[in-house]
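Asker: Submitted below is the structure of interest, expressed as structure tokens.
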Amino acid sequence: MNIEQLNAAIAEEFEIDVNDITPDASVKDTLELDSLSLLDLISVVHDVTGCTVKGTDVSHIATFAQLYEYIEQCS
Amino acid sequence: MEKDRIGWGYKLTKAYFRFAAYGIYYRAYHCLGRDNIPQPGTPVLVAMNHQNAFCDALGVLMSKDDRKWHFIARADAFDIHPLFGKFITWAGVLPAYRLQYQGEEALANNDETFRLSEEGLLKGNSILIFPEAGHQDKHWLGTFSYGYTRMAFQAAEKGNFEKEIFILPAANHYSEYTGMRQSMLIRFGTPVSIKPYYELYKTKPRTAQREVNKLVRSQIESMMLDIRDLDHYADIDFLRGCLHNADAPLPEQLEADKALVKRLQALQETDPSAYQEAMDNVKTYRLGLAAAGLEDRQIKENPNWFLTLLQALVLLALSPLALLALWPSVPAWYIPKHFSDKTGDIMLQSSIVLAANTLLLMPLFCVITFVVTTLLAGWEIGLFHAILMPFLCIFEHHYLNLFRTVRQAFRFLTGNSKDSLAALRSKIVSL
């Protein structure tokens, strides 16, 4: 998994500064996630990494570091 | 969503609910900023804070009679009972599916709700949506989901950005969330046109939505009571009750509450230790009252023996009517309360009591009363007794309130903590 590529894709999709995506940053707060944009995040992650994040698992993913770890395990 | 036609069935049902809600259940309904609601036929998405479940939507429904309102409500409302699901569909409610309630697989069902809502907006419908998604259990504005802005912009896009769509911020407020004969308030803000953001949306849709959301949220924040200090929420909520002018109408009380919260926020920022001391005093007073079985009213009003005994005599004189009014008051309250208690969500209580009585219980009680009383005393008395049903509930409510007042007055007069509590009170009312 190329973290920089993933972060760039997320930043572009969510129209945020890629520098806001740090390992310790909250996924929910940084991306202002709700039920609808969660599906967008799942779609971006799948397109870049091939990993399908389950929506119910996202509630256990607090930071971007945990998201990367989840994707690694998915691969 | 079909073009709206307001038939006689809809008008009569609405009139009946208006009588039930604002003639019987609530004591007062204040609707402010009604003139800010765009004319019927203008696409408008009302975005409102969400506190008291179905009662919030009812407040908007009753604000204007010149259109059929549409509502986005949580999808499990349709599962309460098939008939109820059909009824709210007919009334213009559409389901919203959420991850935490319906699961990930159900989220795709939102596509249909969005499609119907967007088409409805393009036809000029008025739709109410709650950006917080779930209702709160306190006077506090939660995080907004962007579903409402997405809906508005997607509708605009469907219409090739030719139609001007408005988001109308609105706020609600209640004297108390539960119990009969409270007051409620709906205030409409200034409509926010999303047309100036169409060009931005074409290239940066989320940024456009964020900009609009900021405008909408700031209006709602300014119109409602928003207590941000959750650590001291109970004390601040209690304090505002102590400072209320009981005779003032709810809009005036709301402004006073907002001013108090602003003063407290300023104190917290400029002098945190003084703020903490003030909150500690409020808490000590609040807990002291609870331990003495009293309310602030007794300390504030300082009841005397003469008045209290007079009130007790009034209770005695009215007791035969109070006994008569046990029917339907007891089942009208306790049957729906049993079901609302099972939900574990106190904020559903008013909605369930109101809806259950309006749709089922009170009509049933009226029929039973008419039949039984007619058999005993003739149809004229039976009819009179049946018509009296909802008003007997109001009477019983006030009777019980008077009973509580007298009971607490006796506690106050025979207790030995009133001086210390009065001293505490004098410290906090200066805030």
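The values are calculated or read from the model by the stated rules, or taken from the named source; none is laboratory data. Source: prediction; values computed, not measured. Please note: Cβ atoms are built from the backbone with ideal geometry, for glycine as well, and neighbour counts cover all protein chains shown.
Asker: Can you tell me which residue within segment B:299-331, out of those that are small (Gly, Ala, Ser) and part of a helix (DSSP H, G or I), is surrounded by the fewest Cβ atoms within 10 Å (Cβ to Cβ)?
Answerer: Residues of segment B:299-331 small (Gly, Ala, Ser): B:312, B:317, B:319, B:322, B:325, B:329.
Next cut, part of a helix (DSSP H, G or I) only: B:312, B:317, B:319, B:322, B:329.
Numbers: B:Ala312: 16, B:Ala317: 9, B:Ser319: 12, B:Ala322: 19, B:Ser329: 23.
Only one residue tops the list, namely B:Ala317.
Asker: Would you check if B:Gly134 is in contact with a Ser or Thr (Cβ under 7 Å, 6 or more places away or on another chain), surrounded by fewer than 23 Cβ atoms within 10 Å (Cβ to Cβ) and outside any helix (DSSP H, G or I)?
Answerer: no
Asker: Here are some residues: A:Ser35, A:Ser59, A:Ser26, A:Ser43. Which one is in contact with a Lys or Arg (Cβ under 6 Å, 6 or more places away or on another chain), within 14 Å of chain B (Cβ to nearest Cβ) and polar (S, T, N, Q)?
Answerer: On the way: A:Ser59 fails: in contact with a Lys or Arg (Cβ under 6 Å, 6 or more places away or on another chain); A:Ser26 fails: in contact with a Lys or Arg (Cβ under 6 Å, 6 or more places away or on another chain); A:Ser43 fails: in contact with a Lys or Arg (Cβ under 6 Å, 6 or more places away or on another chain).
After applying the criteria, what remains is A:Ser35.
Asker: Further question on the same structure: Among the residues of segment B:115-137 satisfying the criterion of being touching a Phe, Trp or Tyr at 6+ places or on another chain (Cβ under 6 Å) and away from chain A (no Cβ under 14 Å), which is nearest to B:Ala57 (Cα to Cα)? Even if it seems obvious, please write down each step before you answer.
Answerer: Taking segment B:115-137 first, the residues touching a Phe, Trp or Tyr at 6+ places or on another chain (Cβ under 6 Å) are B:126, B:128-129, B:131.
This time we only want the ones that are away from chain A (no Cβ under 14 Å), so: B:126, B:128.
Values: B:Ser126: 13, B:Leu128: 8 Å.
Here the residue is B:Leu128.
Asker: Give the residue, chosen from A:Ile3, A:Ile61, A:Ile71, that is touching a Ser or Thr at 6+ places or on another chain (Cβ under 6 Å), over 21 Å from B:Gln209 (Cβ atoms) and of a type in the set (Val, Ile, Thr). Explain how you work it out, then say what you get.
Answerer: Values: A:Ile3 fails: touching a Ser or Thr at 6+ places or on another chain (Cβ under 6 Å); A:Ile61 fails: touching a Ser or Thr at 6+ places or on another chain (Cβ under 6 Å).
Exactly one of A:Ile3, A:Ile61, A:Ile71 is touching a Ser or Thr at 6+ places or on another chain (Cβ under 6 Å), over 21 Å from B:Gln209 (Cβ atoms) and of a type in the set (Val, Ile, Thr), namely A:Ile71.
Asker: If only one of B:Ala15, B:Ala21, B:Ala57 is surrounded by 17 or more Cβ atoms within 10 Å (Cβ to Cβ) and over 27 Å from B:Ser145 (Cβ atoms), which one is it?
Answerer: On the way: B:Ala15 fails: surrounded by 17 or more Cβ atoms within 10 Å (Cβ to Cβ); B:Ala57 fails: over 27 Å from B:Ser145 (Cβ atoms).
Matching residue, one of B:Ala15, B:Ala21, B:Ala57: B:Ala21.
Asker: Taking the condition of being surrounded by fewer than 22 Cβ atoms within 10 Å (Cβ to Cβ) and closer than 22 Å to B:Gln100 by Cα, how many residues in segment B:145-168 meet it? Let's see the steps before the verdict.
Answerer: To start, the set of residues in segment B:145-168 that are surrounded by fewer than 22 Cβ atoms within 10 Å (Cβ to Cβ) comprises B:146, B:150, B:154, B:157-164, B:166.
Add one more test, that the residue is closer than 22 Å to B:Gln100 by Cα, and what stays is B:146, B:150.
The total comes to 2.
Asker: If a residue must be more than 19 Å from B:Glu221 (Cα to Cα), of a type in the set (A, V, I, L, M, F, W, C) and assigned to a helix (DSSP H, G or I), how many such residues does segment B:257-294 contain?
Answerer: 10
Asker: With a cut-off of at least 2 residues that are modelled with pLDDT of 90 or more, name the helices (runs of 4 or more DSSP H) lying wholly within chain A.
Answerer: Details: elements: A:3-14, A:27-31, A:35-49, A:55-58, A:64-74.
So the answer is A:3-14, A:27-31, A:35-49, A:64-74.
Asker: Out of the residues in segment A:12-21 that are hydrophobic (A, V, I, L, M, F, W, C) and farther than 13 Å from A:Val45 by Cβ, state the one that is farthest from the other protein chains (Cβ to nearest Cβ).
Answerer: To start, the set of residues in segment A:12-21 that are hydrophobic (A, V, I, L, M, F, W, C) comprises A:14, A:16, A:18, A:21.
Those still in the list that are farther than 13 Å from A:Val45 by Cβ too: A:16, A:18.
On the way: A:Ile16: 8, A:Val18: 15 Å.
Result: A:Val18.
Asker: Among (1) surrounded by fewer than 20 Cβ atoms within 10 Å (Cβ to Cβ); (2) within 14 Å of chain A (Cβ to nearest Cβ); (3) in contact with a helix residue (DSSP H, G or I) (Cβ under 8 Å, 6 or more places away or on another chain), there is one condition B:Thr284 misses while meeting the rest; what is its number?
Answerer: Tallying (1) surrounded by fewer than 20 Cβ atoms within 10 Å (Cβ to Cβ); (2) within 14 Å of chain A (Cβ to nearest Cβ); (3) in contact with a helix residue (DSSP H, G or I) (Cβ under 8 Å, 6 or more places away or on another chain), B:Thr284 fails exactly one: (2).
Asker: Among the candidates B:Ile335, B:Ile346, which residue alone is under 23 Å from the mean Cα position of the chain (by Cα), touching a residue at least 12 places away in the same chain (Cβ under 8 Å) and surrounded by fewer than 16 Cβ atoms within 10 Å (Cβ to Cβ)?
Answerer: Numbers: B:Ile335 fails: surrounded by fewer than 16 Cβ atoms within 10 Å (Cβ to Cβ).
The match here is B:Ile346.
Asker: List the helices (runs of 4 or more DSSP H) inside segment B:146-256, counting only whole elements, that have at least 3 residues being at pLDDT 95 or above and within 14 Å of chain A (Cβ to nearest Cβ). Reasoning before the result, please.
Answerer: Working: elements: B:147-158, B:198-203, B:205-223, B:233-243.
Output list reads B:147-158, B:198-203, B:205-223.
Asker: List the pairs whose first member sits in segment B:52-73 and is assigned by TED's automatic domain parsing to the domain that holds B:Val353 and over 24 Å from B:Ser175 (Cα atoms), whose second member is modelled with pLDDT under 95 and not in a helix (DSSP H, G or I), and whose Cβ atoms are under 8 Å apart, counting only residues at least 6 apart or on separate chains?
Answerer: none
Asker: Just for segment B:88-114: of the residues that are loosely packed, with under 15 Cβ neighbours inside 10 Å and away from chain A (no Cβ under 13 Å), which one is nearest to B:Phe54 (Cα to Cα)? Spell out the reasoning first.
Answerer: Initial filter on segment B:88-114 (loosely packed, with under 15 Cβ neighbours inside 10 Å): B:89-90, B:100-101, B:103, B:105, B:108-109, B:111-112.
Keeping just the survivors that are away from chain A (no Cβ under 13 Å) gives B:89-90, B:112.
Values: B:Thr89: 14, B:Trp90: 16, B:Glu112: 22 Å.
The qualifying residue nearest to B:Phe54 (Cα to Cα) is B:Thr89.
Asker: Which pairs do you get when a residue that is over 11 Å from B:Asn172 (Cβ atoms) and assigned by TED's automatic domain parsing to the domain that holds B:Glu164, found in segment B:38-50, comes within reach of a residue that is surrounded by fewer than 19 Cβ atoms within 10 Å (Cβ to Cβ) and acidic (Asp, Glu), reach meaning Cβ atoms under 7 angstrom, with the pair 6+ apart or on two chains?
Answerer: Pairs that qualify, where the first residue is over 11 Å from B:Asn172 (Cβ atoms) and assigned by TED's automatic domain parsing to the domain that holds B:Glu164 and the partner is surrounded by fewer than 19 Cβ atoms within 10 Å (Cβ to Cβ) and acidic (Asp, Glu), are B:Pro40/B:Asp66.
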